[in-house]
Structures are given as C-alpha cells and as structure tokens.
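Single-structure report; data block below.
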Amino acid sequence: MFSKLAGTGLALALCAGLMVSHAKAETPFQPLTPEAQVAQMGRGVNIIGYDPFWQKGGKGNYTEAHFKAIHDAGFRNIRVVLFTFKHLDKDGQLDPEWLKKLDWVVEMGQKYGLNTILDEHDFNDCAKDAATCAVQLKTVWSQLATRYKDAPNTVLFELLNEPHDALNGEVWNDLFPQVLAVVRQSNPTRNVIVGPTHWNSRNDLDQLKLPEDDRHLIVTFHYYDPFNFTHQGASWAPPEIKAGHDIPFGTQAEIAQINADFDAVKAWSVAHDRPIFLGEFGAYDKAPMDSRVLWTSSVARSAENHGFAFAYWQFSSDFILYDFKKQQWVTPILNALIPPKE
C-alpha cells in the first residue's frame with residue numbers, strides 16, 4: 001500500500017523532476033494484436049488531467065512515487081488525460097515545455113510497466129465546433145504520433161474522448177478516419193483507441209463505422225449507469241441529478257443490469273471482432289461509500305468477466321481513488337477495483 005511508503009517514497013520522488021527531450025524506448029516497438037494489448041492492459045486508472053502539473057511553471061501533485069504506487073497496487077494501465085488544444089501556439093505547434101512534461105509521464109509509465117494511453121480530451125471544444133476541432137485534432141496528432149513513433153507498444157493513442165453534440169455519428173465517422181490516417185503515417189501498426197458518440201455511449205456502438213482493413217484498433221466505451229446514482233451531487237450534472245443525495249445502489253436488479261449492459265457490449269465486440277476497453281467508470285464521491293464500493297466492484301468484475309480492460313475515473317480530483325492531502329489510497333475504492341489477495 002502506498003500509504004506505508006508515503007514517507008520515504010515521496011521524499012525520494014521529490015527529486016524526480018525528470019525531463020527528457022523525447023520519450024526514448026528502452027525496447028523497440030513491436031506490433032501487438034489489439035486482443036493481446038487489451039489482455040496486457042488489464043486494470044487501470046485515469047490520471048493527471050485536472051492537476052496543476054500541466055500548468056506553466058506548476059509542479060502539481062504527481063511524483064515518481066505515485067506511478068510506482070499505481071503499479072504496486074496492481075494496476076497495469078494509465079489513461080493520461082490531455083487537454084492539448086490550449087498548448088498550441090499561433091503556428092499550431094505544441095508548447096515544448098508541455099511536451100517535456102508529457103515525455104516524463106510516458107517515461108514513468110515505461111519505467112513502472114504501465115500501458116500508457118495518451119487520451120486527447122478536448123471533447124467539449126470539439127462538441128461546439130467540429131470544423132475547428134478537425135483541424136486541431138489532426139495538428140495535435142501529427143506531432144504526438146511522430147514524437148512517440150519509436151515508443152514501445154505499451155504506449156497507445158486515443159484519438160478523442162467522448163465525441164458528442166457537433167460530433168454526431170455522421171460527422172464523427174467522417175472525421176476520425178482522417179485523424180487516424182495522420183497517426184498511421186508514422187505509426188502504421190500501433191494500437192489506437194476509438195469510441196462511439198454520445199460521450200462514448202455503448203448504445204452508439206452500432207453507429208461506429210470502423211475501417212475494416214485496420215486491425216490495430218481497440219474500441220472504448222464509458223459507463224456511468226445508473227446516472228442518478230453515479231453523479232448525485234455533481235455540480236456539472238443536470239439540476240435534478242445535482243440535487244440528489246443519499247441515493248443507494250445494490251439491488252439484485254441493479255447489479256444484473258450492469259451484466260446485461262456488458263453482455264450487449266460483448267456481443268457487439270464478438271460480432272465485429274474488436275476488443276473492448278472500458279475507458280471510464282466511477283461513482284462520484286458524494287454518493288454513499290458502501291454503495292460506491294459495491295457499484296465499483298460490480299462494474300470492475302463484470303468488465304473482467306467479459307474480457308474488457310478498464311481504467312477507473314479517476315486517480316485524484318473527484319470520484320477520488322487517491323487522496324493527495326493524506327498521501328494515501330481511498331482503501332475501500334482501491335479494494336473494489338483490485339480485491340486484496342486472500
């Protein structure tokens with residue numbers, strides 16, 4: 001447990017402001033089937049997106065010790081939440097200082113045996129203006145894909161988190177192959193993650209039109225059902241959800257619904273011969289803890305039983321798995337994701 005390591009581990013990690021010019025692979029890239037990649041990814045967690053780490057001059061909360069703790073707890077993937085658009089200059093170039101920080105994150109993922117997903121997370125900007133989004137996505141991925149083209153196969157690219165609104169099914173099916181083509185210029189066989197519209201809804205999987213000749217794709221979906229439970233009290237949720245409190249989870253019917261929902265995703269996966277990554281799931285930390293634990297455990301075990309890799313939302317900030325103030329895991333949620341060995 002990281003809480004036992006907090007004293008010495010964090011003290012050592014304070015020196016870990018490691019910045020490298022590029023993420024150099026210790027082992028050369030070797031193509032991996034998406035099925036093998038999903039098996040290798042296993043259990044994971046979303047990291048860093050809303051942390052001061054990315055701010056100019058900001059050190060943030062993450063140190064090397066946290067990557068070690070993630071690995072030691074039993075996680076095998078990290079989904080790195082990236083808001084890239086604001087780091088583009090007037091000529092469309094990504095900020096070199098920001099890129100060095102990303103290099104360090106990728107290096108930490110490699111050092112601690114974590115499949116590292118670079119997740120382009122400017123979904124709200126893209127939802128408002130699809131045309132500008134198209135230009136920016138291709139600009140960003142032309143640089144990131146080239147920068148990490150020699151990284152090992154444990155580095156994956158996720159083209160865009162949760163397309164919605166302006167990126168409806170028709171627009172997204174037209175755009176993402178263009179972005180994928182940019183990536184394929186430098187990374188012809190790296191596994192790339194792509195998901196359906198309506199915030200990566202499983203209900204939109206049938207609308208996702210994947211290129212049949214590209215067999216290095218992993219399909220993602222997100223799961224937050226029942227929404228009135230998982231988002232109760234959340235400030236950004238609709239008023240009726242924001243006002244919710246003390247809503248429990250745990251009837252047999254509710255648990256059975258998770259399995260039924262995942263049965264449908266699995267059926268789509270088998271029919272289309274595409275492996276699945278559950279890229280986000282979580283219950284907001286204003287929900288009752290016992291219900292959060294049961295829901296999280298139910299979703300994680302069902303995902304595993306269906307052969308899906310997963311990444312919990314999220315390590316810090318809200319839906320909290322790790323408490324930076326206390327420098328320790330939120331143990332009930334950690335144990336729900338990774339049951340203690342008997």
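Every number here is computed from the coordinates shown, using simple stated rules; none is lab data. Keep in mind that what you see is a predicted model, and the values were worked out from it rather than measured. Cβ coordinates were reconstructed from backbone atoms using ideal geometry, including for glycine residues, and neighbour counts include every protein chain displayed.
A few comments on the model shown:
- For the range 130-141, Karplus couplings with θ = phi - 60° (6.51, -1.76, 1.60), whole Hz, Gly/Pro x: 5, 5, 5, 4, 4, 5, 5, 4, 5, 5, 5, 6
- Nonlocal amide H pairs with Phe277, under 5 Å, H built at 1.01 Å: Val219, Thr220, Phe221
- For Val330, the amide hydrogen comes within under 5 Å of the amide hydrogens of Tyr322, Asp323, counting only partners 5 or more places away or on other chains and with H modelled in the peptide plane.
- In this structure, Lys325 and Tyr50 have a Cβ-Cβ separation that, at R0 = 22 Å, corresponds to a calculated FRET efficiency of about 0.90.
- Cα convex hull, the range 259-342: 104 Å³ per residue, rounded to a whole number.
- √(5λ) per eigenvalue of the Cα gyration tensor, the range 181-314, largest first, Å: 30, 16, 12
- Charge tally in the Cβ shell below 14 Å around Val330, where Lys, Arg are +1 and Asp, Glu are -1, Val330 excluded: 0
- Close amide-amide hydrogen proximity is noted between Leu156 and Thr116, Ile117, Leu118, each under 5 Å apart and 5 or more residues distant or on a separate chain (H modeled in the peptide plane; Pro and chain starts excluded).
- Label assignment, percent of Cα pairs over 31 Å apart derived from the structure, set (1) 30; (2) 26; (3) 34: (1)
- Peptides 152-158, 121-127 ranked from most to least packed, by the mean per-residue count of other Cβ atoms within 10 Å: 152-158, 121-127.
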